[in-house]
Each structure stands twice: as structure tokens, then as C-alpha cells.
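Asks: Have a look at this one.
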Amino acid sequence: MSAIRLWPRNLAGQMAVLIALALFVAQAVNLALMLRDRADFRLAQATRPVAIRVADAIDREAQGIRPIPRDRGRIRRADRDGIPAGLPRMPQIAAELRTQLHEQGVEVGRIDTGVRGWTAMDDAVLSRNFPRPSRQRRAADRPDQALLIAIEQPGRGWLAVIVPWGDGGTVRLFWRLFAQTLILYGVVLLPVLWIVRRISRPLRELTGAAQRFGRGGDAPAAVEVRGPADIASLVQSFNALQLRVTAMLDEKDRMLGAIGHDLRTPLAALRVRVESVEDETDRVRMTETIAEMNRTLDDILSLARMGRPSEPLTDVDLSALIDAVVEDFRDLGQDVSFDEAERLRMRLRPSLIRRAIRNLIENAVKYGGSATVRLVPGTTVVLIEVGDRGPGIPEARLADVFDAFTRLETSRNRDTGGIGLGLALARSIVREAGGDVRLANRDGGGLCATIELPR
């Protein structure tokens, strides 16, 4: 999970990480190749001069020009392998040296190697073999280690060789490549980041405009057209689409207003005529029918207008708002309880949220006989829980009841329920506010409807 969170979500960050990784991999491959070449060069540097000197010394001794000494020089005669057993061995040096000697026409027996620290005696050995300028130069650049080589001459004893042995500049090579990597990051990564941010800025503005437009309210201003040609074309297309959708929504609102007016006028006329009906029972039933038709018409128009709310966002006390809705039900004699909560300031559309809460409480009272309301504030979200002890809803149908005009005939019939718009309208209101509504069956029976609002 932590690795996923470290991966940036924006385009500029992803491009930066990918380019940084690509440069790192390229430099790592370059370092590996250079280290391999340096190791081959170091191996050749340690064996070729030794092979040449050994072959030359053996040849001079064979011609009687100069015997190989036993007490001085880089190459000395010995009766046995004098390399201590505890020193680390270098088998690759021995194998390469055997190959080099074979190319020089010298066949030898065993070859042993060992690495130890550089000593003053080794300086003395070098001082007898090099002139003073070279001795001064080597004293200033004294190696850390000495490579001991023992070469067996069958029937003639051993030859002992001492050569300088260091890290071959590996540490310097690493820091040099590290500095090169930093320079590459500065030369390549920074301009690329600047270019990517310049490209992604119009995309971020376009995303923000789309989110604001999707939340409803007044249509946002047109996004400034800038950036590369393809992104500018995308922004122009979005601006044109926004204008068309806004015009369609305006036309829809005008049509809904006309429908509502045309339907409410005859209903009002019927309500007046009902008063002239002499039979009290018929008059009450007709009045209730007209009132139900008005409520249904309000729900249908409210659901159709979601996405274009006319109510502005307002700072309200959510706890007080819920308490006011609960008091309305108590005034009607309904068994509705609310666990008192602390004041909670939130920015929302109070009339719409009130309606969503009222719809949930109405469902709980109709199908459970009572309702329990709780406000649960969290760090990032606020939960409004409305519970009842009714028959509940089958698990397979929990999502279906949010569809408009959907009723569960077994428990949500016409005698106890409406036309199936309460939950659909509540969810549309809450989703317009950036939250959601969830339903879950309670342990022991009943249903719990939860409104989740972002803080």
C-alpha cells in the first residue's frame, strides 16, 4: 500500500519519476560496463608487465647475461612458495598470468597469488628499480596493497614478484558517475518537468472545470484555451460541449417549470371543487388524493431538476438541522429519536439535505414504525444514520430500491409506501453534495440508511 501511495497521481510527477528511473537505470548499466572494463584493464595491467619482466628475466638468465637475484628487485629467486597461507588469493590473476607467459613462450608450473598491505620494505624494493623522479612520484601515490605472485619453474625453484595493487580507481569512478548523474538530472529532468507542467496545467484547469460543472449550479466560465495544439483542441471541444449542455439544461428547466404549472393549476381547481362535495368521507379521500398527487409531482420535478439546484451553498449547523427535522416528525406524533450531538458546521444546501433526511426518516417510520437518528462526525466524512426495526430489504434488492419508481411489493406496497421516489431523490441530493447513501440490514432485524457527506 505504501508503495502505491508513493507513486504520484499527476502527469508531471509520473513523468519525473519515469525519467529519473530511466536515467538511473542507464547510469547503472553504464557503471556496470565501466566497472567490467576497469576490471579487465586492471587485470591486464597487473599481469602483462609481470609476464614481460618474468620472460625477460628468464631469458637473460638463460643467456648468462644477468642471473635473477635472491635478495632484491621485483623478481627474485626463491626455493619455495613464500606467500603466507592466510592471505586472500586472486585466481583470476594466476590464470591470466599463465596465459600471458604462454604467449611469451614461457611454460611454468604452479602460480600462487596473495594480497597484503603495502609496507616500507615494498618501498625499498621499488626504490632499487626506478629512478628518483619515479620514486618521488610513487611515494606521493603510494598504493594501499601489494600483490604477491609466486611462479614455479619446474626443476629450478620459484620466482617471487611484488607489484602494487589498489582499487583501480573504483571509488573515484563511482563518484564521477554520481556527479554525472546529478548533472544529467539537472540538464534533462528539469526542462522535461517544466515542459510537462506546462502541458498538464491546461489539463488540470479542464479537470477542475469538469468537476465544477458536474456538481451542478451555475455553469463555470469557459476554460482558457492554451497549450499544445491537441490539448487546445480538447479545451475548445469541452467549452463547446459545456455550452450545449448548459443550453439543454436551461431548456429542460423551462419545460419542467411549464409542466409543473400546467399540472398544478388543474389540481388547485380540483381542490376548490372538492370543497363542494357534501359527503365528508368522499371529500377527505379526494383531498388526500390531490395532496398525494401534489407531493408526487414535487418529487418528480425535484428529481428531474437535480444537478441544477437553485439553492446556494450555506454554512449550517448539521446537528441543529437534523434536530429540526426530527422535531417536525415528533410534532406529528411519530416515534423518532435523535441522539444529541455537538455542533458541526458544514457548507451545504440546507433545504435539499433536509429533504433527503426527511425522506429516509419517512421510510423508517412507514415500514418500521419508528426511527432512530444518529450523527457520527469523522475526520474526513460525516455519517447520518437512520435506523428502524422493520422487515428490512433482501440483500439482493438493496441496490434496486434506489432506482426511481421501484417498490418492493412484499413490504413497500401502495398502502404503506409511495411511488418509489424517496430513496432515489435522497441519493441524488446527497451525491450532488459529494457524498452517497448506503443501505444495510441491521442485526436483529430492521434497516439502517446511512448518509455519508465529505467534511
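Asks: How about the stretch 101-119: which of its residues are open to solvent by less than 40 Å² (accessible area, probe 1.4 Å) and over 60 Å from the mean Cα position of the chain (by Cα)?
Replies: Across the stretch 101-119, the qualifying residues are 106, 108, 109.
Asks: Can you tell me which residue in the stretch 385-414 is modelled with the highest pLDDT, limited to those that are among the β-branched types (Val, Ile, Thr) and in a loop (DSSP other than H, G, I, E, B)?
Replies: Residue satisfying both the conditions and the ranking: 393.
Asks: Residues being open to solvent by 40 Å² or more (accessible area, probe 1.4 Å), farther than 29 Å from residue 181 by Cα and of a type in the set (A, V, I, L, M): count how many of those fall in the stretch 30-80.
Replies: Residues in the stretch 30-80 being open to solvent by 40 Å² or more (accessible area, probe 1.4 Å), farther than 29 Å from residue 181 by Cα and of a type in the set (A, V, I, L, M): 3 in total.
Asks: Keeping to the stretch 334-354, report how many residues are open to solvent by 50 Å² or more (accessible area, probe 1.4 Å) and out of contact with any Gly (no Cβ under 8 Å at 6 or more places or on another chain).
Replies: Of the residues in that region, 9 qualify.
Asks: Provide a single number: the residues in the stretch 200-217 that are at pLDDT below 80 and either surrounded by fewer than 16 Cβ atoms within 10 Å (Cβ to Cβ) or more than 30 Å from residue 233 (Cα to Cα) (or both).
Replies: Looking only at that region, the number is 4.
Asks: If you go through the stretch 43-78 one residue at a time, how many are within 16 Å of residue 113 (Cα to Cα), out of contact with any helix residue (DSSP H, G or I) (no Cβ under 7 Å at 6 or more places or on another chain) and modelled with pLDDT under 80?
Replies: Residues meeting the conditions: 2.
Asks: I'd like the full set of residues that are closer than 16 Å to residue 426 by Cα and in a loop (DSSP other than H, G, I, E, B), limited to the stretch 348-372.
Replies: Scanning the stretch 348-372 gives a single hit, 349.
Asks: Is there any pair linking a residue in the stretch 268-284 that is more than 15 Å from residue 294 (Cα to Cα) to one that is open to solvent by 80 Å² or more (accessible area, probe 1.4 Å) and among the acidic types (Asp, Glu), with Cβ under 9 Å and at least six apart or on different chains, and which?
Replies: Every condition considered, the pairs that remain are 283/275.
Asks: Filter the stretch 83-100 down to the residues that are over 54 Å from the mean Cα position of the chain (by Cα) and of a type in the set (Val, Ile, Thr), then identify the one that is surrounded by the most Cβ atoms within 10 Å (Cβ to Cβ).
Replies: In this case the residue turns out to be 83.
Asks: Within the stretch 195-216, does at least one residue satisfy the condition of being farther than 30 Å from residue 16 by Cα and part of a loop (DSSP other than H, G, I, E, B)?
Replies: There is at least one residue in the stretch 195-216 that is farther than 30 Å from residue 16 by Cα and part of a loop (DSSP other than H, G, I, E, B).
Asks: Looking only at the stretch 235-265, filter to residues that are open to solvent by 80 Å² or more (accessible area, probe 1.4 Å) and within 35 Å of the chain's Cα centre (by Cα); which one of those is nearest to residue 290 (Cα to Cα)?
Replies: The selected residue is 243.
The values are calculated or read from the model by the stated rules, or taken from the named source; none is laboratory data. Everything numeric here is computed off the predicted structure, so don't read it as measured data. Glycine gets a Cβ as well: all are built from the backbone with ideal geometry, and neighbour counts include every protein chain shown. These area figures cover heavy atoms from the full protein model, side chains too; ligands, DNA and RNA do not enter into them. Shrake-Rupley method; radii C 1.70, N 1.55, O 1.52, S 1.80 Å.
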